[in-house]
1. Working only within region 25-36, note down all residues that are at pLDDT 90 or above and not polar (S, T, N, Q).
2. Considering only residues that are in a helix (DSSP H, G or I) and over 26 Å from the mean Cα position of the chain (by Cα), look in region 133-153 and name the one that is surrounded by the fewest Cβ atoms within 10 Å (Cβ to Cβ).
3. Just checking, which of E74, E85, E119 is surrounded by fewer than 17 Cβ atoms within 10 Å (Cβ to Cβ) and more than 22 Å from the chain's Cα centre (by Cα)?
4. Testing Q39 on (1) assigned to a loop (DSSP other than H, G, I, E, B); (2) under 22 Å from Y93 (Cα atoms); (3) at pLDDT 90 or above, one condition comes back false. Which one is that?
5. Which condition number does I101 fail, the rest of (1) among the hydrophobic types (A, V, I, L, M, F, W, C); (2) modelled with pLDDT under 90; (3) buried (at least 17 other Cβ atoms within 10 Å of the Cβ) being met?
6. Could you check region 29-40 and list, in sequence order, the residues that are within 16 Å of F69 (Cβ to Cβ) and within 15 Å of the chain's Cα centre (by Cα)?
7. Assuming D6 fulfils every condition listed in (1) more than 23 Å from R180 (Cα to Cα); (2) charged (D, E, K, R); (3) surrounded by fewer than 18 Cβ atoms within 10 Å (Cβ to Cβ) apart from one, which condition is it?
8. Which condition breaks for T59 when tested against (1) surrounded by fewer than 21 Cβ atoms within 10 Å (Cβ to Cβ); (2) in contact (Cβ under 8 Å) with a residue 60 or more places away in the chain; (3) in a loop (DSSP other than H, G, I, E, B); (4) hydroxyl-bearing (S, T, Y)?
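The values are calculated or read from the model by the stated rules, or taken from the named source; none is laboratory data. The structure presented is a predicted model; accordingly, all values stated were derived computationally and were not measured. Cβ atoms come from the backbone with ideal geometry, glycine included; neighbour counts cover every protein chain shown.
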Amino acid sequence: MTYIWDISSLEKPKQTGIYKATNRGIDHNQYVVNGLSYQSNYGAGLRVYDVSSIPSDPTGAGVCEVAYFDIYPEDDGDVGGGTVEYSGTWSSYAYFKSGYIFINTIERGAYVVKISKREKCAAKTCSADNCLRAMRSNSVEGRLAESQEFCGSFTQGFQADVKVVPEFATKACEGNVIARVSSACACLPAATAAV
């Protein structure tokens, strides 16, 4: 997991979001160049994430993996697609003007790679699951307005306390409640101001 922080005030840094990778590993030694994060993930290798959405959406919801180079394929069949141990890549260097990336590994020396195909982040879509339906329900008087008011404050920063989520949303958004509620909030229509 990669934690996203707003450090515009070094005296009051604030965690604003989390990006959870699609495979298991230890993410570290991360460098951002032109909106891309070049991150070493030990056995999962070099992972490149498009982080250009973070200034406008600091929750990490718009972050996605656009390229990778697996250094340690022996653990790909493990649960979660990898192991959490110190093997594989230790660090990388992506600041060459040529676009080449130098990857340092623990067991296998060094690699020099270049992104040949960069994936784009998929457009955000809203699927009407039970969580979203519950939050925008027309069958319960005032539910949409209640959800919009809740989402207005909930999405202002990173929130990890399930206790702040309304009971109706907690019941409908089972599993990872915080992530599901965050996604549902992003799909609600904007509240209109009273005139």
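1. In the first step, residues of region 25-36 are kept if they are at pLDDT 90 or above; the result is 29-36.
Those that are at pLDDT 90 or above and not polar (S, T, N, Q): Y31, V32, V33, G35, L36.
2. Our first condition is that a residue be in a helix (DSSP H, G or I); within region 133-153, this holds for 133-135, 143-153.
Next cut, over 26 Å from the mean Cα position of the chain (by Cα) only: 143-146.
Values: R143: 17, L144: 16, A145: 11, E146: 16.
Taking the candidates together, the pick is A145.
3. Numbers: E85 fails: more than 22 Å from the chain's Cα centre (by Cα); E119 fails: more than 22 Å from the chain's Cα centre (by Cα).
Exactly one of E74, E85, E119 is surrounded by fewer than 17 Cβ atoms within 10 Å (Cβ to Cβ) and more than 22 Å from the chain's Cα centre (by Cα), namely E74.
4. That leaves (1) as the condition not met.
5. The failed condition is (2).
6. Of everything in region 29-40, those that are within 16 Å of F69 (Cβ to Cβ) and within 15 Å of the chain's Cα centre (by Cα) turn out to be Q30, L36, S37, Y38, Q39.
7. (1)
8. (1)
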